[in-house]
Amino acid sequence: MTTEPIDFKSDFKRPLPDGWRWVRLGEVCRVVGGSTPRTDNPSYWDGGIVWITPTDLGKFDGIHITTSIRKITRTGYESCGTELLPTGSVVLSSRAPIGHLGIADVPLCTNQGCKSFIPGEKIESNFLFWVLKKFVTQLQALGSGATFTEISKSNLQSFLIPLPPLSEQKRIAAILNEQMETVRKARKATQAQLEAAKSLSASYLRQVFPRLDEELPEGWRWVRLGEEGHFNSGGTPSKENPKFWNGAIPFVTGADITELYISAQHARAFLTEDGLLSGKTAVCVPGTVLLVTRTRVGRVGIAIEEMGASQDLSPFVCGPNINPDFVVRYILSISDYLIENCRGATIQGLTRDFIHSIEIPLPPLSEQKGIAAILNEQMEKVGKVRRALEAQLEHINTLPASLLRRAFEGGL
């Protein structure tokens, strides 16, 4: 393991602002390792002292550490020689997963998966937190080890950071605290809106389709899916036969069924005519319902062009009395039920007997088409909202890196 100073000055495209300088972490703070008391001694545990692990750091929402999953007694931390860290110490998960950070709001100890920084007089703890956050990728690159990846204490002590005057540190940290809290709130609000949009789709489906214990509307009847069409068996042609692959015919797996209508743009592999007609895959004509019956059970779509299907799918060809769009919407409404009925020790999936016996409430064909059209319109509106929220969330998630880059290039 190298102990040579590691210089990341090249990460800055512009020179440091006036009055800033490069310092090693060991020059401005004390680096402290952690330890774990013996787990078989009850007198060491369930005390009142916060004891932080990388798992704790990865779970808490925000910057400041106030509690932990487990707590230890004073006897516990004294028994293993670990140090009680003062408030304001910055804690880093230095073993995989490397990079989680927090600031101690209470005196605490850590296990050996963390290393902590006790700030000296020349550096402010909030500034230290944000500068380490800025360089988290470089910190992760310091990790090494055959059994598990870890950053050594010496590498952390030698790590170079940009340091402005103390007053400037406090100003930058205050701005970042405010901006990052705004980002956190925006992320949380957008995630809540996204979850609400997802649940809206399920709500629409629940309103339309009766449950097994409910009385059917006039003209509806319960039927078994296998009685209203026929299932094919998916499969994968031999990858070793070059005549089967790299053609123009899409070949889909469970991972490719991500939308209602499935076409070549969703496929990640393509068959030749020989591959499609090899007898080793299902030939799916347009209108075939692509029901995922293993690995990603609950997904379903409709083929809008000819394609092959892997063993992850049980393609269903509708008979004359059933509409593919109606089938797909009903299957989506019972996706939780399908997932609950997966079986298998190695690969979880649905049996052929089970999918044949799926009961579906079936109205007349004209009514099926009308219901499907309404649901498709509603789902498209929900889909637009979801896509907009997903794009918004993606943008929000880029903001912290952008704010940190500006802060340490003198842009705040």
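The values are calculated or read from the model by the stated rules, or taken from the named source; none is laboratory data. Note that the coordinates shown come from a computational prediction; the quantities given were computed from them, not determined experimentally. Glycine gets a Cβ as well: all are built from the backbone with ideal geometry, and neighbour counts include every protein chain shown. The protein model used for the area step is the full one, side chains on, heavy atoms only, and it has no ligands, DNA or RNA in it. Shrake-Rupley method; radii C 1.70, N 1.55, O 1.52, S 1.80 Å.
For the pair Glu215 and Val385, a Förster radius of 41 Å applied to the C-beta separation gives a FRET efficiency near 0.80, rounded to the nearest 0.05. The relative contact order of segment 250-332 comes to 34 percent, based on Cα pairs under 8 Å that sit 6 or more residues apart.
Here the chain carries DSSP beta bridges of which approximately 85% are antiparallel, counting only pairs with both residues inside. In whole percent, what relative contact order does segment 46-134 give with Cα contacts below 8 Å and a gap of six or more residues? Reported as a whole number, the value is 33 percent. Only protein atoms count toward the accessible area here, which uses a 1.4 Å probe; on segment 330-399, the carbon and sulfur part of that area reaches 55 percent.
Checking every one of the GluC sites (Glu not before Pro) in segment 185-218 against DSSP loop status and a limit of 10 other Cβ atoms within 10 Å picks out Glu214, Glu215, Glu218.
When restricted to Cα atoms, segment 306-359 yields an Rg and a Dmax of 12.4, 37 Å, respectively. When every Cα-Cα distance of segment 207-329 is counted in 10 angstrom steps from zero, the calculated P(r) takes the values 14, 43, 28, 11, 4, 0 percent. Over the chain, the hull volume per residue, using the convex hull of the C-alpha atoms, is 214 Å³. Taking a point 7 Å from the Cα of Asn246 along the Cα-to-Cβ direction, the residues of segment 292-325 with backbone N closer than 20 Å to it are 308. A quarter of the convex hull surface defined by the alpha-carbon atoms of segment 165-259 gives 15.4 nm² as the mean projection. Summing charges over neighbours of Ile151, with a neighbour being any other residue whose Cβ is under 12 Å away from its Cβ, gives +2 when K and R count +1 and D and E count -1. By the Cα gyration tensor, segment 26-126 has an equivalent ellipsoid whose semi-axes, rounded to whole angstrom, run 21, 14, 12 from largest to smallest. Heavy-atom accessible surface of the chain, averaged per residue, reaches 50 Å², computed with a 1.4 Å probe. Mean residue ellipticity at 222 nm, helices only, the chain: -11500 deg cm²/dmol; runs of at least 4 DSSP H residues each add -39,500 (n - 2.57), and the sum is divided by the number of residues. Take the Kirkwood radius over Cα pairs of segment 86-220, plug it into Stokes-Einstein at 25 °C and 0.890 mPa s, and you get 131 µm²/s for translational diffusion. Here, P(r) means the percent of Cα pairs in each 10 Å bin from 0 to the largest distance; for segment 226-282 it is 23, 48, 25, 4.
When the GluC sites (Glu not before Pro) in segment 265-356 are filtered for DSSP coil states and for at most 16 other beta-carbon atoms within 10 Å of their beta-carbon, the remaining sites are Glu305, Glu306.
In order along segment 184-193, phi translates into HN-Hα couplings of 4, 5, 5, 5, 4, 5, 5, 4, 5, 5 Hz, rounded to whole numbers, per the Karplus curve 6.51 cos²θ - 1.76 cosθ + 1.60 with θ = phi - 60° and x for Gly and Pro.
Just to be sure I understand: if I project the alpha-carbon convex hull of segment 71-117 onto a plane and average over all orientations, what area do I get in nm²? In nm², the orientation-averaged hull projection of segment 71-117 is 3.2. Among residues other than Ser263 with Cβ under 14 Å from its Cβ, the summed charge is -3 (Lys and Arg +1, Asp and Glu -1).
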